[in-house]
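These notes are about the structure you will find just below.
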Amino acid sequence: MISKQGHNRPTSVKEFSIPEDYTVQRILVFVKNTLPKFETIIKQSKSSLYKEDDISKELFRYLGDIAREENLLFQFNEKKGVDFTVYVHPFQFGAQPLFMIEAKRLCKTSYDYVSGRNGGIERIKREQDDFGKHLNNGAIVGYIQDENQIYWERKINRWIDDLISRETDIVWDLKDKIVPNTPNSTYKSEHSRISKQKIEIHHFWINLN
């Protein structure tokens, strides 16, 4: 809820009465409960969608519709760089996003879930395109298009092990690896960033193969 404002007094982000951690938890629960329904809808539609951006556009529309239907206190907005950013609802001028969601394919022809120019985790660590620089929490949604969850858990952690063993211009360590996180998401990981502020990432995977 937003605190009452005087007619001539500008709205300040600090005047939000929702504790940020509470809002993040609500977002995590919402995403966790909503993604399986989206997975079912795609499978039932027998859609030929394969490209990451095409799937993400449908996911964006679906999440936005469900959020409005449930009168939740956040909304999804597409943004250059991060696929989705989440804001307090209703609109507040100048408000910073409370959460970010990046989406990545998990298929044998794509390696950018972790690293590379479009690497999901690496871009977060580098704060590329302001990838949630001010945030302490975020999420990556993985679209499984080949193999299964166990395969990708092992594959991603092997990629990170390889990065740990190499000399790179950003620090990779064991905390970058994904670990099971049943209460809130499929997996979670913790990452250092160039600003030295750590961020916790929740990983939600849906099976689209």
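The values are calculated or read from the model by the stated rules, or taken from the named source; none is laboratory data. Just so you know, these numbers come straight off a predicted model, no measurement behind them. Quick reminder, even Gly has a Cβ in these numbers, built from the backbone with ideal geometry, and neighbours come from all protein chains shown.
Table for the structure above
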| item | result |
| --- | --- |
| Residue count for segment 156-209, restricted to those that are without any contact (Cβ under 8 Å) to a residue 40 or more places away in the chain, part of a loop (DSSP other than H, G, I, E, B), over 26 Å from residue 34 (Cα atoms) and of a type in the set (Lys, Arg) | 2 |
| Sole residue being at pLDDT below 85, assigned to a helix (DSSP H, G or I), of a type outside the set (Gly, Ala, Ser) and surrounded by 15 or more Cβ atoms within 10 Å (Cβ to Cβ), chosen from 23, 11, 34 | 23 |
| Top-ranked residue in segment 97-109 [being in contact (Cβ under 8 Å) with a residue 40 or more places away in the chain and more than 11 Å from the chain's Cα centre (by Cα); ranked as farthest from residue 129 (Cα to Cα)] | 106 |
| Test: residue in segment 143-152 that is more than 23 Å from residue 54 (Cβ to Cβ) and in contact (Cβ under 8 Å) with a residue 24 or more places away in the chain | no |
| Filtered residues of segment 62-94 (kept if touching a strand residue (DSSP E or B) at 6+ places or on another chain (Cβ under 9 Å), modelled with pLDDT of 70 or more and farther than 17 Å from residue 137 by Cα) | 63, 64, 67, 68, 89, 90, 91, 92 |
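Residue-by-condition table, conditions (1) within 19 Å of residue 175 (Cα to Cα); (2) assigned to a loop (DSSP other than H, G, I, E, B):
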site: 122; (1), (2): yes, no
site: 125; (1), (2): yes, no
site: 132; (1), (2): yes, yes
site: 135; (1), (2): yes, yes
site: 138; (1), (2): yes, no
site: 147; (1), (2): no, yes
site: 154; (1), (2): yes, no
